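What follows is a set of notes on a single structure, which appears directly below.
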Amino acid sequence: MADRSVAARSVSRSRAADWARGALLRGAVVALASFTAALYCLRTEVLHRVFTFHSHRNSGGMDETLQLVRNIVPPLTTEKHKGQDGRIAVIGGCSEYTGAPYFAAIASLKVGADLAHVFCTTDAAPIIKSYSPNLIVHPVLDKNTAVDEIVQWFPALHAMVIGPGLGRDEMVQQNTKDLIVECKYRGMPIVVDADGLWVITQEPSVIQGYTKAILTPNVVEFARLYTAVLDTPVDMENEPEALLKLSRALGNVTIVQKGHHDLISDGTTVLVCSLKGSGRRCGGQGDLLSGSLGLMAHWAFVAGKEKTDGINPTLVAAFGACALTRQCNNQAFQKHHRSMTTSDMIAEISTAFHKLFES
Ligand SMILES: *[C@@H]1O[C@H](CO)[C@@H](O)[C@H](O)[C@H]1NC(C)=O
């Protein structure tokens, strides 16, 4: 069995003076450079938590952050009715991109959502429907009545994943912006990815201060958003600092910076998820992440801070989705090697989830 490890690191800041912040950030960089080494200094102002996890001998040393994820997974009981464990909507899908919303929606179902909706453009709908009878597909996103029509569904939805396969059509982008405002107004948890992030890059005030939002930029999207918000190029030499800065500038919106390892921050805490994946990156992997994250965000908010040990539910959900995506990548790679695709990763969700969160 291949080794895999999680080195997760949680850095909680008290009302620390600036010098403490500097020290913390330098510490985070050290942690990144050698993220499997548990070498940290503990200061009174700064609470460090370091977790290392080896699955092949995980009997006693269960990783604490993974345990928090386990805490938010709703138990399967016979008393529940359809829909209680999650009704997720994906906003995205246009004539060019039909795979992304499919991957995001099907991922949320495979992780355990009861229902998955896709709100896409008119021409994309029949195509996305044809991929799977498990999805509910609404051809609305390019209509000028889209926002009104989608808002009608809000009472039936728990969380939204905004952006997979969205594209940059003007009407679609405008509708998406208005939808984000509606979500914010109603307190709906949202994950924003891909061209959904384009909306935010054009107008960051749309998301400002909405702490039920989780943004999932890749390196390019992160740099673009950083420049749009902070009006200066990002210094990637110090990734945790850049991430903290951007999150705070957006009013402590949670950001998952996807990369070689995933960095997650809510402006206060930085978590690192470096569970072993593989050298293979296939298009669509980010959609698996955003789709599963939409559901886990719902779970985490329902569970509340008691179940997450006081840690922001968005962080726990994000860590769970990152760990799951990496585990799927790892398992699919072992079977398919270079030929691995996102469909192969989707097929691993059930065993990967079970392994990480139910065993
Ligand atoms: C964001 O979090 C930091 C650190 O916890 C806090 O000092 C700051 O006031 C927060 N900002 C907002 C806008 O809530």
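What does a probe at Ile136 reach in region 158-197, counting residues whose amide N is under 16 Å from the point 7 Å along Cα→Cβ? Counting only backbone N, you get 158-161. Straight-line cross-link partners of Lys305 among the lysines, defined as a Cα under 30 Å from its Cα and at least 8 positions apart when in the same chain: Lys80, Lys82, Lys110, Lys177, Lys184, Lys212, Lys245, Lys258, Lys276, Lys355. Between Glu170 and His260, the FRET efficiency from the beta-carbon distance, with R0 = 45 Å, is close to 0.80.
So what is the accessible area of region 216-359 per residue, in Å², with the probe set to 1.4 Å?
Details: 5130 Å² over 144 residues.
Dividing the accessible area of region 216-359 by its residue count gives 36 Å².
Quick one: pull the percent of accessible area on region 68-162 belonging to carbon and sulfur, 1.4 Å probe, ligands and nucleic acids left out. Please list the in-between numbers first.
Numbers: 2150 of 4050 Å².
Within region 68-162, the accessible surface is 53 percent carbon and sulfur.
Solvent exposure of region 99-144, expressed per residue, is 37 Å² of accessible area, with all protein chains present and a 1.4 angstrom probe.
Here region 239-268 and region 298-359 have alpha carbon centers that stand 19 Å from each other. Counted residue by residue at 0.36 nm each, then reduced by the alpha carbon distance between them, the extension gain from Asp231 to Asp123 reaches 35.1 nm.
Using packing as a proxy for protection, rank 91-101, 250-260, 68-78, 131-141 so that the peptide with the highest average count of other Cβ atoms within 10 Å comes first. Walk me through the numbers before you get to the answer.
On the way: 91-101: 24.7, 250-260: 21.8, 68-78: 14.8, 131-141: 18.0.
Result, highest mean Cβ count within 10 Å first: 91-101, 250-260, 131-141, 68-78.
Compare the Cα positions of Leu244, Val181, Leu135 along the charge dipole of region 120-272 (+1 at Cβ of Lys, Arg; -1 at Cβ of Asp, Glu; about the Cα centre) and return the one farthest towards the positive end. Highest projection toward the positive end goes to Leu135.
Grab the beta carbon distance between Ser95 and Ser350, set R0 = 35 Å, and tell me the FRET efficiency rounded to 0.05. Calculated transfer efficiency: 0.65.
Summing charges over neighbours of Asp235, with a neighbour being any other residue whose Cβ is under 11 Å away from its Cβ, gives -2 when K and R count +1 and D and E count -1.
The values are calculated or read from the model by the stated rules, or taken from the named source; none is laboratory data. All values derive from a computational prediction rather than experimental measurement. Cβ coordinates were reconstructed from backbone atoms using ideal geometry, including for glycine residues, and neighbour counts include every protein chain displayed. For the accessible areas, the whole protein counts, side chains as well, though only heavy atoms, and no ligand, DNA or RNA atoms are used. Shrake-Rupley method; radii C 1.70, N 1.55, O 1.52, S 1.80 Å.
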